[in-house]
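Inspection log for the structure reproduced underneath, given as structure tokens.
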Amino acid sequence: MILLLIGPPGAGKGTQALRLANQYGIAHISTGDMFRDISKNPQTALEKEVKEIMTRGDLIPDDVTIGLVEERIKRPDCEKGFILDGFPRTVPQAEVLDKMLENVHKPLDYVFLFEVDDEALVERKAGRLFAPQSKRVYHKTYNPPKEPGKCDETGENLIQRDDDKPEATRHRLSVYQKQTAPVIAYYDETKRITRLDGMGSMDEVFTSLCEEIDK
Ligand code: ADP
Ligand code: ADP
């Protein structure tokens, strides 16, 4: 099973991807998490550039992103299927992904588009807490950790992502409108998009995703 999760920053993609990966026993591939790992302790010029781009809230160049995904989906844990969370984010990425899947004769099962009001997006990003090691995501109000500021799984300190600060947040929304909205049109042309009401609770959104997949 191959699933794509598309939606603006803060829509709930990562939260649902983790649940879906557990439910269906498939790999969770978050390009954002992969880039955060690369930029954690930047040494090379490329790693430093990745960090700068992410902090600004811009997109990493397509060739770098595509190369990373191409390698990742060849790994054994992707044999049973995978969820792409945050990829593709540009039309060239979507085109290359179609070619990659065609070459290995694997169909794309679902392209889920998370629809969430701008106001809720701002609130979700402003309260998002991130555990750099375990990659778990919490929310100050909607999904608080058991002990304030600590990850339930590892006990590590939770942080606010630099790109969740107000300025980068606004910029990331405009990047989404300019560069990622055309990806929706790309999949719409071939009627491959499944729109999803992302405004419900985490459990409600998860239930509607599973209902759609189990149909
Ligand atoms: P969010 O969860 O807020 O949607 P992500 O964690 O998916 O954000 O991505 C964080 C950052 O990583 C992006 O702002 C961008 O800089 C980079 N990134 C992630 N996925 C891609 C991609 N497919 N193409 C280019 N850049 C990406
Ligand atoms: P994305 O990967 O699309 O950027 P996340 O899954 O990281 O989004 O969610 C953004 C923030 O909103 C996180 O703090 C998360 O805990 C919270 N969140 C996710 N889904 C919901 C929901 N349905 N209702 C309320 N808050 C949510």
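Where a number appears in this text, it was derived from the coordinates with a stated rule and is not lab data. Given the structure is predicted, the values throughout are model-derived calculations rather than measurements. Cβ: placed from backbone, ideal geometry, glycine included. Neighbour counts: every protein chain shown.
Structure summary
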read-out: For the chain: relative contact order, % (alpha-carbon pairs under 8 angstrom, 6 or more apart); value: 30
read-out: Sites Glu70 and Val91, calculated FRET efficiency, Cβ-Cβ separation with R0 25 Å, nearest 0.05; value: 0.90
read-out: Efficiency of FRET from Cβ geometry, Tyr142 and Asp63, R₀ 30 Å, rounded to 0.05; value: 0.25
read-out: With eigenvalues of the C-alpha gyration tensor scaled by 5 and rooted, the chain, Å; value: 24, 21, 18
read-out: Whole-Hz ³J(HN,Hα) from phi, Karplus 6.51 cos²θ - 1.76 cosθ + 1.60, for region 105-120, glycine and proline x; value: 6, 10, x, 7, 7, 9, 10, 8, 10, 7, 9, 9, 4, 4, 4, 5
read-out: 12 Å beta-carbon shell around Phe114, net charge (K/R +1, D/E -1); value: -1
read-out: Extension gain from Asp197 to Leu101, taking 0.36 nm per residue of separation minus the Cα-Cα distance; value: 31.8 nm
read-out: Estimated [θ] at 222 nm from DSSP helical runs (n ≥ 4, -39500 (n - 2.57)) normalised by residues in the chain, nearest 500; value: -13500 deg cm²/dmol
read-out: Antiparallel DSSP beta bridges within region 101-213, percent to nearest 5; value: 55
read-out: 5 angstrom amide H check on Ala27, placed H, neighbours 5+ away; value: Gly81, Phe82, Ile83
read-out: Loop-resident sites, region 1-97, for trypsin sites (Lys or Arg not before Pro), counting at most 15 other Cβ within 10 Å (DSSP); value: Lys40, Lys74, Lys80
read-out: Computed E for Met1/Thr154 - FRET, C-beta separation, R0 22 angstrom, nearest 0.05; value: 0.15
read-out: Order of Leu84, Leu158 under a 10 Å beta carbon neighbour criterion, fewest first; value: Leu158, Leu84
read-out: Two-site label geometry, Ala185 and Lys165: point separation in nm, points 7 Å out along Cα→Cβ; value: 3.4
